[in-house]
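This report refers to the structure that appears directly beneath it.
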Amino acid sequence: MAAGIQNISKIPELNKRIFITLGLLAVFRIGIFVPTPGIDAQALLAFFNQAKGTLLGFIDMFSGGALRNLSVFSLGIMPYISSSIILQLLTVTIPHLEKLSKEGESGRRKIVQYTRYGTILLSVIQGLGIAIGLESMKGPAGELIVPIPGWSFRLLAVITLTSGTAFIMWLGEQITERGIGNGISLIIFAGIVANLPSAVNNTFSLVRTGEMNFLFVIFILVFAIAIIAFIIFMELGQRRIPIQYPKRVVGRKVYGGQSTHLPLKINSAGVIPPIFASSIIIFPATAANFINIPWIKAIAAALNPTGIWYNLLYIPAIIGFTFFYTAIQFNPNDIAENLKKNGGFVPGIRPGHHTSEYIDRILRRITLWGALYLSFVCVLPSVLIGRFNVPFYFGGTALLIVVGVALDTAQQVESHMLARSYEGLLKKGRLKGRRG
């Protein structure tokens, strides 16, 4: 590992990409502290301290605390993620989008363009909703969060928030193109990791004041390392279906005959199921902040993230969305048809329909384990906070994103280093050949 890190400094192109990535992420973090005009920042901060466990707190986590300050980046990258998910779902149901997805690079660019339009539309809707909601909210002392409400504030807020989301989207695309790793994922990663220092500081403060045992902190640290190792193991885990290609005789030469495999990840759906499930379940808790209706307040209280009812709904929702999203991503019939066209087959399984059933059966089994794994990790924060009084949020969607993005970025760095090594070997080979 140490030798690999030292080799990074020897590759100028990789160094440039890393510096560009860090610079653009720094721009994102600076924008977190640029406020939207027309609000009382202190009243808003006090309100968010009371709104933990709601959809507002969920969005604030992904925006790195920008929503708490109502900065120009308050909406974060969530509108882009929602637009991407909606486009993926529509690709399955709308023939035109399905045709575009199969047209290669040109079709992909068109879908990306539609995703951008959808991002702007969702940003306008969410920005207007937040502006109207803020006008009706008050701080703990009864002070107005928006001192001068009206359409002037609403239009200013919509323009500011939409522009901020569009700029973040551009930053993400620039990181993907000119930097290292997936830009959108790294922006979410930076927003989540930014909350880590405050959590560590709060923990040490509790130890200094005697409210938390030092041995318990050591136990939590060891437990956290074990959970991270478990997530890495599950994220890298896959079921490999062997694929055999028959030999073909062309003239006097024999081609093919190689063996390969079809990798099926245990967690093919990623973090989309927990995001969907939590967004739907905590919606009543968010609506209760804007609507003063007793039965909505009662539902919001019952759906506390550390409560039993929340988890009883959360786990089945994660499992259901995992199967649903995996079914969208993988079509066993298409996989079997492509194998048949290319002459490939699964040893012991007939090509065509039987291969499709075989792949579907294996996919269902590993998806079940993937769904249970996601449920365990996402329910973990509720158990730690509700039962053991852990003073910080550990686990759940945030940890899945952090570990997943770290693994993907490390793999891209490694691929750049391998490509550089292969290039050096080829140059040596060419020089030897010329001398000979």
Checklist line | Near pairs, Cβ below 6 angstrom, 6+ apart or cross-chain, from segment 322-334 (in contact (Cβ under 8 Å) with a residue 12 or more places away in the chain and under 15 Å from PRO273 (Cβ atoms)) to any residue that is of a type in the set (S, T, N, Q) and surrounded by fewer than 17 Cβ atoms within 10 Å (Cβ to Cβ) | finding: none
Notebook entry, point to check: When you look at ILE148, is it assigned to a loop (DSSP other than H, G, I, E, B) and farther than 18 Å from ARG29 by Cβ, yes or no?
Noted result: yes
Margin query: If I ask for residues that are of a type in the set (Gly, Ala, Ser) and surrounded by 11 or more Cβ atoms within 10 Å (Cβ to Cβ), which ones from segment 191-249 would you list?
Written below: GLY191, ALA194, SER198, ALA199, SER205, ALA224, ALA229, GLY237
Item checked: Residue pairs meeting the criteria (Cβ under 9 Å; at least 6 apart or on separate chains; first over 19 Å from SER278 (Cα atoms) and in the same structural domain as VAL146 (by TED's automatic domain parsing), in segment 63-92; second of a type in the set (Phe, Trp, Tyr) and buried (at least 22 other Cβ atoms within 10 Å of the Cβ)) -> ALA66/PHE73; PHE73/PHE28
Notebook entry, point to check: Of the residues ILE315, ILE349, ILE328, ILE299, which single one is in a helix (DSSP H, G or I), of a type outside the set (Ser, Thr, Tyr) and modelled with pLDDT of 85 or more?
Noted result: ILE315
Margin query: Can you name every one of the helices (runs of 4 or more DSSP H) wholly within segment 5-74 that holds 2 or more residues which are at pLDDT below 85, in contact with a helix residue (DSSP H, G or I) (Cβ under 6 Å, 6 or more places away or on another chain) and not acidic (Asp, Glu)?
Written below: 55-62, 66-69
Next item on the list: Could you tell me whether segment 137-144 includes any residue that is in the same structural domain as ALA41 (by TED's automatic domain parsing), part of a helix (DSSP H, G or I) and among the hydrophobic types (A, V, I, L, M, F, W, C)?
Entry: no
Check: Does ARG208 satisfy the criteria of being of a type in the set (Lys, Arg) and touching a helix residue (DSSP H, G or I) at 6+ places or on another chain (Cβ under 7 Å)?
Finding: no
Margin query: Taking the condition of being at pLDDT 70 or above and within 22 Å of ASN311 (Cβ to Cβ), how many residues in segment 283-296 meet it?
Written below: 1
Check: Looking at segment 375-390, which of the residues that are crowded, with 16+ Cβ neighbours inside 10 Å and either farther than 22 Å from ALA317 by Cβ or aromatic (Phe, Trp, Tyr) (or both) is modelled with the lowest pLDDT?
Finding: VAL390
Next item on the list: Scan segment 182-239 for residues that are within 20 Å of LEU407 (Cα to Cα) and touching a Leu at 6+ places or on another chain (Cβ under 8 Å) and report the count.
Entry: 12
Next item on the list: Those residues that are of a type in the set (D, E, K, R) and without any contact (Cβ under 8 Å) to a residue 24 or more places away in the chain, I need them from segment 198-238; list them, please.
Entry: ARG208, GLU211
Note to self: If I ask for residues that are within 21 Å of the chain's Cα centre (by Cα) and either more than 24 Å from MET417 (Cβ to Cβ) or of a type outside the set (Ser, Thr, Tyr) (or both), which ones from segment 12-22 would you list?
What the structure shows: ILE18, LEU22
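When the residues of segment 391-430 are filtered to those that are charged (D, E, K, R) and at pLDDT below 60, which remaining residue is farthest from PHE233 (Cα to Cα)? Step through it out loud before you land on a result.
Our first condition is that a residue be charged (D, E, K, R); within segment 391-430, this holds for 408, 414, 420, 423, 427-428, 430.
From what is left, the residues that are at pLDDT below 60 are 423, 427-428, 430.
Values: GLU423: 32, LYS427: 37, LYS428: 38, ARG430: 41 Å.
Result: ARG430.
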Check: Applying the selection to segment 350-373, what residues are β-branched (Val, Ile, Thr) and surrounded by fewer than 17 Cβ atoms within 10 Å (Cβ to Cβ)?
Finding: ILE362
Next item on the list: Determine if segment 160-178 includes at least one residue that is at positive phi and surrounded by 15 or more Cβ atoms within 10 Å (Cβ to Cβ).
Entry: no
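The values are calculated or read from the model by the stated rules, or taken from the named source; none is laboratory data. Note that the coordinates shown come from a computational prediction; the quantities given were computed from them, not determined experimentally. Counting neighbours? That spans all protein chains shown, and the Cβs are built from the backbone with ideal geometry, glycine included.
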